[in-house]
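What follows is a set of notes on a single structure, which appears directly below.
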Amino acid sequence: MDRFAKENFKNYIYINCAESSGGQFLKCMIEAKRWSPGTSRPANVALKAMHLYERTFVDTEDTVVVIDKIQETKEIYNLIRQSKSWY
């Protein structure tokens, strides 16, 4: 998977939920989802989280994001499932 992504996509971001990158991405998802009463609800939570996690992230056809070992953190799995912009 790693080799395929590197050979076939210009931009490749790898997040491993069993390592520190998973914890860092979870913090980005929580921050992107943050909302205060009386303000607009956050849109595109997953895309915002990707920008927080990787400043150089671009949402293009030649970008792939691999989230490995997602079963290790139910929080990331559930946040991604809830985010309509992820699909």
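Quick grid of which residues meet (1) out of contact with any helix residue (DSSP H, G or I) (no Cβ under 7 Å at 6 or more places or on another chain); (2) touching a residue at least 12 places away in the same chain (Cβ under 8 Å); (3) at negative phi; (4) exposed (fewer than 13 other Cβ atoms within 10 Å of the Cβ):
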{"residue": "Asn11", "(1), (2), (3), (4)": "yes, yes, yes, no"}
{"residue": "Pro42", "(1), (2), (3), (4)": "no, no, yes, no"}
{"residue": "Met50", "(1), (2), (3), (4)": "yes, yes, yes, no"}
{"residue": "Arg55", "(1), (2), (3), (4)": "yes, no, yes, yes"}
{"residue": "Val58", "(1), (2), (3), (4)": "yes, yes, yes, yes"}
{"residue": "Asp62", "(1), (2), (3), (4)": "yes, yes, yes, yes"}
{"residue": "Val65", "(1), (2), (3), (4)": "no, yes, yes, no"}
{"residue": "Ile76", "(1), (2), (3), (4)": "no, yes, yes, no"}
{"residue": "Leu79", "(1), (2), (3), (4)": "no, yes, yes, no"}
Since Ala46 meets every condition but one in (1) at pLDDT 90 or above; (2) in contact with a helix residue (DSSP H, G or I) (Cβ under 8 Å, 6 or more places away or on another chain); (3) in a helix (DSSP H, G or I); (4) crowded, with 16+ Cβ neighbours inside 10 Å, which condition does it not meet? (1)
For residues in segment 19-43 being farther than 19 Å from Arg81 by Cα and in a loop (DSSP other than H, G, I, E, B), which is nearest to the chain's Cα centre (by Cα)? Glu19
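The values are calculated or read from the model by the stated rules, or taken from the named source; none is laboratory data. All values derive from a computational prediction rather than experimental measurement. Cβ: placed from backbone, ideal geometry, glycine included. Neighbour counts: every protein chain shown.
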